[in-house]
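Presented below is the structure to which this report refers.
None of the figures in this text is laboratory data; all of them are computed from the coordinates on show. Just so it is clear, the model here is predicted, and its values are computed rather than measured. Here the Cβ is made from the backbone with ideal geometry for all residues, glycine too, and neighbour counts use every protein chain on show.
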Amino acid sequence: MRFALNIDHIATVRNARGEFQPDPVAAALLAEQAGVDGIVVHLREDRRHINERDVRLLRELITTKLDLEMAAVEEIIRIACDVGPELATIVPEKRQELTTEGGINVIDNIDQIKYAIKELHSSEIEVSLFIEPEINQIDTSAEIDADFIEIHTGVFANALSEEEQFDELEKIRLAAKHAKKLGLGVNAGHGLNYQNIKVFRELTDIDEVSLGHAVIARAIFVGLKEAVQEMIRLIR
Ligand code: PXP
């Protein structure tokens, strides 16, 4: 299983003072040296953390792969096509939310998402759709030519009982298997941490996990290199 690191919250700390440090681009390069397989950033419409300068510099400097999380809106589609990440992950976006709160409903937003996929593909960017582990969402993703899905793991991560957590993990496992059968690549993420990541090693249909908050939070205490390598030891 590959491990892509989301570095949005390095930019959150930088932006808290409106200055230049800590630089998310420097963090990405350090994370690559520590062994991550990819860098993830979410260029939000309100630019609350990552900005265009970050995305463009990351594109120039990183040597693994760039996954740009984005809403399926014209302004960001244009930037993505211009920058050329290896992967664009379409997420729902609400201004009021603290973080992405769940998967996008591909069926309800089909025209908008189809358009985004077509535009991104025309710039040779692969597209992933961040969705709930539901069969009809996966089928629709495959029908409209997505390359990957990213399964939202937030419900699993926030489950209040072991039973609920087990049920949600089973849903994720079946969703990943179904997506694989349809030829989709399978990523997963949201709310994963040093404890709950361990069970994901058994989910062999998941190609990659995307993690941010837990690793950046740990990095404050032990440094980014150590925080990344501790996670790598748990994943592999
Ligand atoms: N995947 C997606 C689509 C996300 O929006 C986020 C959060 O930005 C993550 C993964 C990572 O979640 P976390 O920060 O909880 O690890």
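What to note about this one:
- The charge dipole of segment 66-166, taken about its Cα centre with unit charges on the Cβ of Lys, Arg, Asp and Glu (plus for the first two, minus for the last two), comes to roughly 300 debye.
- Here the gap between Asn136 and Leu61, fully extended at 0.36 nm per residue and compared with their Cα-Cα distance, gives a gain of 23.2 nm.
- Each peptide among 161-174, 132-145 gets the average number of other Cβ atoms lying within 10 Å of its residues, and from highest to lowest they stand as 132-145, 161-174.
- Mean Cβ count within 10 Å, highest first, over the residues of peptides 21-27, 218-224: 21-27, 218-224
- Spatially, segment 101-161 and segment 70-99 are offset by 13 Å when compared through their Cα centroids.
- Extension gain, Lys225 back to Gln112 (0.36 nm per residue minus Cα-Cα distance, nm): 36.8 nm
- Modelled spin labels at Leu182 and Glu143, positioned 7 Å past Cα toward Cβ, are 0.9 nm from each other.
- Rounded if a/c under 1.5, otherwise prolate or oblate - segment 53-143, Cα gyration tensor axes: prolate
- Counting only Cβ charges, +1 for Lys and Arg and -1 for Asp and Glu, the dipole size of the chain around its Cα centre is about 760 debye.
- For the residue pairs Lys65/Lys94; Lys171/Lys225; Lys114/Lys198, alpha carbon separations beyond 31 Å are given by Lys171/Lys225; Lys114/Lys198.
- R0 of 35 Å, Cβ-Cβ distance Glu124-Glu162: FRET efficiency to nearest 0.05: 0.20
- Per residue, the average separation of C-alpha pairs within less than 8 Å and at least 6 apart gives segment 124-236 a relative contact order of 22 percent.
- Tensor-based shape of the chain (alpha-carbon gyration tensor, a/c under 1.5 rounded, otherwise prolate or oblate): oblate
- Taken along the Cα-to-beta-carbon direction at a fixed 7 Å, the label points for Asn15 and Arg2 span 2.6 nm.
- Per-peptide average of other Cβ atoms within 10 Å, ordering 68-75, 206-213 highest first: 206-213, 68-75
- Net lengthening on full extension, His213/Ile232 (0.36 nm per residue, minus Cα-Cα): 5.3 nm
- Per-pair calculated FRET efficiency, R0 = 41 Å: Glu170 and Glu75 via Cβ, rounded to 0.05: 0.60
- A simple rule links phi to the HN-Hα coupling: the Karplus curve 6.51 cos²θ - 1.76 cosθ + 1.60 with θ = phi - 60°, which for segment 154-167 gives x, 5, 4, 5, 9, 4, 8, 10, 4, 5, 4, 5, 5, 4 Hz, with x for Gly and Pro.
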